[in-house]
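Single-structure report; data block below.
The values are calculated or read from the model by the stated rules, or taken from the named source; none is laboratory data. Bear in mind the structure is a predicted one, so any value in this text is a computation, not a measurement. A quick note on method: Cβ atoms are made from the backbone with ideal geometry, for glycine too, and the neighbour counts reach across all protein chains shown. All accessible areas refer to the heavy atoms of the entire protein, side chains included, with ligands and DNA or RNA removed. Shrake-Rupley method; radii C 1.70, N 1.55, O 1.52, S 1.80 Å.
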Amino acid sequence: MKVLKLLLSVVLVMGLFAVAPGAQAAQKVLLAVYFDNPDYAKARNTFYDELAKVTAQQGMDVEFIDLNTKGDKDAFISRLKEMEPNVDLIFTTGTPNAMAVKAAGITKPVVFSAVADAVGAKLVKSNKHPGTNFTGNYCAISAENQLRALLLVLPSAKKIGILYNPSDPAPRAQAKGWKRAVMDMGLELKEYFIPADVNSADGLAEATKPAVGNVDVLVTTAEAKVSPYGAGWIKVCNENNLPTYATLAQLVNKGALLSLGYNFAEGAKMNVPQAMKILKGQSPADIPVTTFSEYRLVINMNTANKIGVKVPLRALRAASKIIK
């Protein structure tokens with residue numbers, strides 16, 4: 001009998017703690033992707049680390065939940081709908097994932113990273129005034145600035161090739177900017193297309209081969225077909241002494257010649273203040289989309305020497321990072 005009374009007392013005490021005034025359940029942040037790659041993972045891990053640190057410093061109780069359906073878009077949308085009622089904020093990376101979140105009809109706040117054209121993708125009404133449940137980080141640097149960086153390193157380039165997936169609105173928009181920039185500088189642009197079904201480095205290598213011998217440099221856009229499979233593009237170009245310009249700066253570490261491009265980890269850090277505002281009650285509709293502007297010229301001198309490119313001294317002086 002005494003044991004029963006003791007158990008009842010424990011239950012009552014636990015119940016009091018559960019409903020104690022001021023007690024709040026942890027806010028839940030869902031880290032969601034269906035299409036993943038090392039760059040997206042880097043952004044997601046950085047966001048997690050930085051947000052966990054800031055919320056801990058401010059005494060906020062936040063729980064992180066992962067959702068990754070490993071390429072299955074339909075399963076992603078289905079699971080997202082099921083999980084939405086139990087989360088407070090959704091974080092995702094890249095245009096394909098952000099558009100899948102939109103397709104799911106999600107109404108909870110969403111923070112995206114590394115989306116090149118959020119307005120064109122209809123995630124927000126404008127970058128300054130999103131007007132929707134989405135906000136995040138804009139990753140596209142102007143084609144004009146990228147072309148200037150390219151010509152700083154390759155001043156004799158006249159025929160600019162661009163390799164991209166035309167079925168994806170993000171690279172399609174980037175390619176449009178390159179066309180305009182190349183035309184304005186009186187140069188020639190040739191387009192080469194990545195088939196929508198490419199899903200390997202070998203597949204991207206095959207899409208690259210038609211450019212060999214026909215252009216002075218081959219540009220790739222920031223997109224889901226290049227980020228994970230860029231090694232195929234780099235291999236074909238380097239074997240044929242064709243200079244490469246990567247919009248994604250991390251591909252220079254893998255052998256591309258140069259970039260004035262986006263850094264996924266640094267971009268994700270810009271999402272943390274946005275997430276904090278949302279967790280504290282502000283609507284994403286009123287939180288401007290931020291622009292990643294700390295682009296740095298990166299040159300791979302190992303590649304330059306391998307393919308016989310002599311990089312001008314002024315380009316080396318302007319570079320923020322030189323890989324030797």
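Treating the angle as unsigned and between 0 and 90°, give the value, to the nearest 10°, between the Cα long axis of helix 169-184 and the longest Cα principal axis of the chain.
30
Show me 143-155, 204-216, 159-171, 258-270 ranked by packing, highest mean number of other Cβ atoms within 10 Å first. Let's see the in-between values first.
On the way: 143-155: 19.5, 204-216: 17.5, 159-171: 21.5, 258-270: 24.3.
Highest-to-lowest ranking by the protection proxy: 258-270, 159-171, 143-155, 204-216.
Sorting check: for 96-109, 56-69, which peptide has the highest mean count of neighbouring beta carbons within 10 Å, and how do the rest follow?
My ranking of the peptides, most packed first, is 96-109, 56-69.
Per-residue counts of other Cβ atoms within 10 Å, averaged by peptide: what ranking do you get for 221-229, 37-45, 180-188, highest first? Walk me through the intermediate numbers first.
Details: 221-229: 23.3, 37-45: 19.4, 180-188: 14.0.
Descending mean neighbour count gives 221-229, 37-45, 180-188.
Which translational diffusion coefficient, to the nearest whole µm²/s, is obtained for the chain from the Stokes-Einstein equation, given a Kirkwood hydrodynamic radius over C-alpha pairs, 4 °C and 1.567 mPa s?
Numbers: Rh = 21.3 Å.
Reported coefficient: 61 µm²/s.
Could you name the aspartates and glutamates whose alpha carbon sits less than 17 Å from that of Lys306, not counting residues in the same chain fewer than 8 places away?
Asp216, Glu239
Among the lysines in the stretch 120-211, how many pairs, 8 or more places apart or on different chains, have alpha carbons under 30 Å apart?
Lysine pairs satisfying the spacing and distance rule in the stretch 120-211 number 20.
Can you give the log10 of the normalised intensity I(q)/I(0) at q = 0.13, 0.18, 0.24, 0.25 Å⁻¹, computed with Debye over equal Cα scatterers of the stretch 48-107?
-0.40, -0.70, -1.02, -1.07
List the relative contact order of the chain as a percent without decimals, with contacts defined as Cα pairs under 8 Å and 6+ residues apart. Don't skip to the end; give the middle numbers.
Working: 624 pairs, mean separation 59.0, N = 324.
This gives 18 percent for the chain.
How much area per residue is accessible in the chain when the probe is 1.4 Å and only protein heavy atoms are counted (Å²)?
Details: 15350 Å² over 324 residues.
That works out to 47 Å² per residue.
Toward the positive end of the charge dipole of the chain, about the Cα centre and with charges on Cβ (Lys, Arg +1; Asp, Glu -1), which of Gly213, Asn165, Val198 goes farthest?
Positive-most Cα among the choices belongs to Gly213.
Spin-label point model (7 Å from Cα, Cβ direction): what's the Ser78 to Met276 distance in nm?
Each label point is offset 7 Å from its Cα along the Cβ direction, giving 3.9 nm.
Quick one: with all protein chains in place, what share of the accessible area of the chain is carbon or sulfur, to the nearest percent (1.4 Å probe)?
Details: 8290 of 15350 Å².
Answer for the chain is 54 percent, counting heavy atoms of protein chains only.
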